[in-house]
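The structure under discussion appears below in the form of structure tokens.
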Amino acid sequence: MHLRIQIPIGGDNELKLVDYAFIFYFTAQVWNVLFFRVFTLLGIGSYASAVLMVFIIALIVLAILSINIRKWEGCIALYAFILLVFLISYILTPELGTWYTNENWGLAYRVFRIDRGIYAYLVIKLVEDPKRIMRNLNIVAILIGMYLLAQTYQRIRTGYFIVTANDGISQMTSADNMSYGYNCAFVTLIFFAQYRKNKKKIFLIVGILFSVLSVLYGSRGCLIVLGAYFVIIQYFKLRGKKSAKKVILALSFIMLIVILYVFYDAIIFLVSNITAHFGIHSDTITSLLNNSISDSNGRDRIWAVVSDQIKDTFPLGKGAFGDRLTAGKIFSWGYSHNIFLEMTASFGVIGVIVLLALIVQSGRILITNESEEWRELFAIFFCCCMKLLVSDSFWYSSFFWGALGIGSCALKYDKKRKQLKMIR
């Protein structure tokens, strides 16, 4: 059972149900806006989100039914395990119950709704083909990119974004938009990956455009995402070079860092003057110019109280959402804006072990995996996960669960390849 459509993007142009599920999942934010506007014109705007959710659920269910059970049975086990983790956490720490049922930041709205982060693992495993996943990501990048350009036009025209407030429901205006910035970074990495593969300058130009937009109007954490990708790509270039070329490339990279360091103030001042000339204001550039790029914007308060909680509860932790018990007393969203603190506050020494295992396996995929395609895909999601060092919760992040899905596929590929070598 599969649908077919021809699209003007290279490679295998046949889209199957699993591909549609993948694309609609990763572009749900775009469809949510379109559905809302259309339904509002029809006078039934309040039903838009529900209809979209039903549509995505139906699409994913049909996609599951159209493929072999071996491709998704592991996903069912994962989600059953996640439910078990929350159940055990509630039994051991009943006070977490108010966070699990929280209307705006609880399980139903932020974790288990079909367009939320944990299902990135599922839609990736349903496809489980690096070429198809990359092709699907190209479509995702185009759709999200158009949506971001529309947001950019609104920001330039009005001077503000319309963003979701801290309660997760109501809307407010803001000069900068964190989600916009990270989405721009995500799109940037996809286009850069396409440039590396096809060497078409249009991909490079579009990637640079969205990288600039991510810094201008997004969070300063976007710099970590872009910087991590740049470093990893330099490694990818080095691993295939001969010794002389490795030395030249390494020296060039070091020289670039030295130039940026020496002329840092001049570069930032120049960029600030240019953007100001065109009437563009960016908190990121202002922070860089004022030498305040590392300011935590209140995160230091959250990190302090969560660190104290860890000292009091380690080595056990308080269970899933455990950091909400202290961070939630400061800000309504409750998460600690740092995956290391969140994982440790939640699961104690087990959380530390899981994090170390994830880091080791990530290094294994990026350094030793023999599939260039899986490495490229993993680099995109892994770098986007850098966001979790300063923002968001890993329970909410499609980048985190997407990295787990890509990593699982990459390790499976590597295992099969080694088994084939042993047989030969």
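The values are calculated or read from the model by the stated rules, or taken from the named source; none is laboratory data. None of these values were measured; they are calculated from a predicted model. FYI the Cβ positions are ideal-geometry reconstructions off the backbone, even for glycines, and counts take in every protein chain you see. What goes into the accessible areas is simple: the full protein's heavy atoms, side chains included, and nothing from ligands, DNA or RNA. Shrake-Rupley method; radii C 1.70, N 1.55, O 1.52, S 1.80 Å.
Residues that are touching a Lys or Arg at 6+ places or on another chain (Cβ under 9 Å), buried (at least 21 other Cβ atoms within 10 Å of the Cβ), at pLDDT below 95 and more than 19 Å from Gly227 (Cβ to Cβ): does the range 410-421 have at least one? Yes, the conditions are met somewhere in the range 410-421. Evaluation of Gly168 against the conditions (1) modelled with pLDDT under 90; (2) touching a strand residue (DSSP E or B) at 6+ places or on another chain (Cβ under 9 Å); (3) open to solvent by less than 20 Å² (accessible area, probe 1.4 Å) shows that the sole unmet condition is (2).
Residues that are open to solvent by less than 80 Å² (accessible area, probe 1.4 Å), closer than 30 Å to Ala150 by Cα and touching a Leu at 6+ places or on another chain (Cβ under 6 Å) are absent from the range 64-83 altogether.
Got at least one residue in the range 380-392 being assigned to a helix (DSSP H, G or I), open to solvent by 30 Å² or more (accessible area, probe 1.4 Å), of a type in the set (A, V, I, L, M) and closer than 16 Å to Phe340 by Cβ? Checked the range 380-392: at least one residue is assigned to a helix (DSSP H, G or I), open to solvent by 30 Å² or more (accessible area, probe 1.4 Å), of a type in the set (A, V, I, L, M) and closer than 16 Å to Phe340 by Cβ. Picking from residues in the range 347-367 that are in contact (Cβ under 8 Å) with a residue 40 or more places away in the chain and either open to solvent by less than 20 Å² (accessible area, probe 1.4 Å) or polar (S, T, N, Q) (or both), the one that is nearest to Asn198 (Cα to Cα) is Leu366.
In the range 18-29, is there at least one residue being acidic (Asp, Glu) and over 21 Å from Phe400 (Cα atoms)? Within the range 18-29 (the criterion being acidic (Asp, Glu) and over 21 Å from Phe400 (Cα atoms)), the answer is no, since none of the residues qualifies. Scanning the range 329-343 for residues that are open to solvent by 20 Å² or more (accessible area, probe 1.4 Å) and of a type in the set (Ser, Thr, Tyr) turns up Ser332, Tyr335. Just the residues that are surrounded by 19 or more Cβ atoms within 10 Å (Cβ to Cβ) and at pLDDT below 95, please, taken from the range 195-210. Result: no residue meets the conditions. The condition of being open to solvent by 30 Å² or more (accessible area, probe 1.4 Å), under 21 Å from Ala320 (Cα atoms), of a type in the set (Lys, Arg) and part of a helix (DSSP H, G or I) holds for Arg110. Among the candidates Leu189, Leu137, the residue that is farther than 17 Å from Ala28 by Cβ and open to solvent by less than 10 Å² (accessible area, probe 1.4 Å) is uniquely Leu189. Entry remark, the range 38-50: residues being more than 24 Å from the chain's Cα centre (by Cα) and surrounded by 12 or more Cβ atoms within 10 Å (Cβ to Cβ) number 6 in total. Against the numbered list (1) open to solvent by less than 80 Å² (accessible area, probe 1.4 Å); (2) at pLDDT 85 or above; (3) of a type in the set (Lys, Arg), Lys311 comes up short only at (1). Taken across the range 148-161, residues that are open to solvent by less than 50 Å² (accessible area, probe 1.4 Å), more than 28 Å from Thr275 (Cα to Cα) and either modelled with pLDDT of 90 or more or assigned to a strand (DSSP E or B) (or both) do not occur at all.
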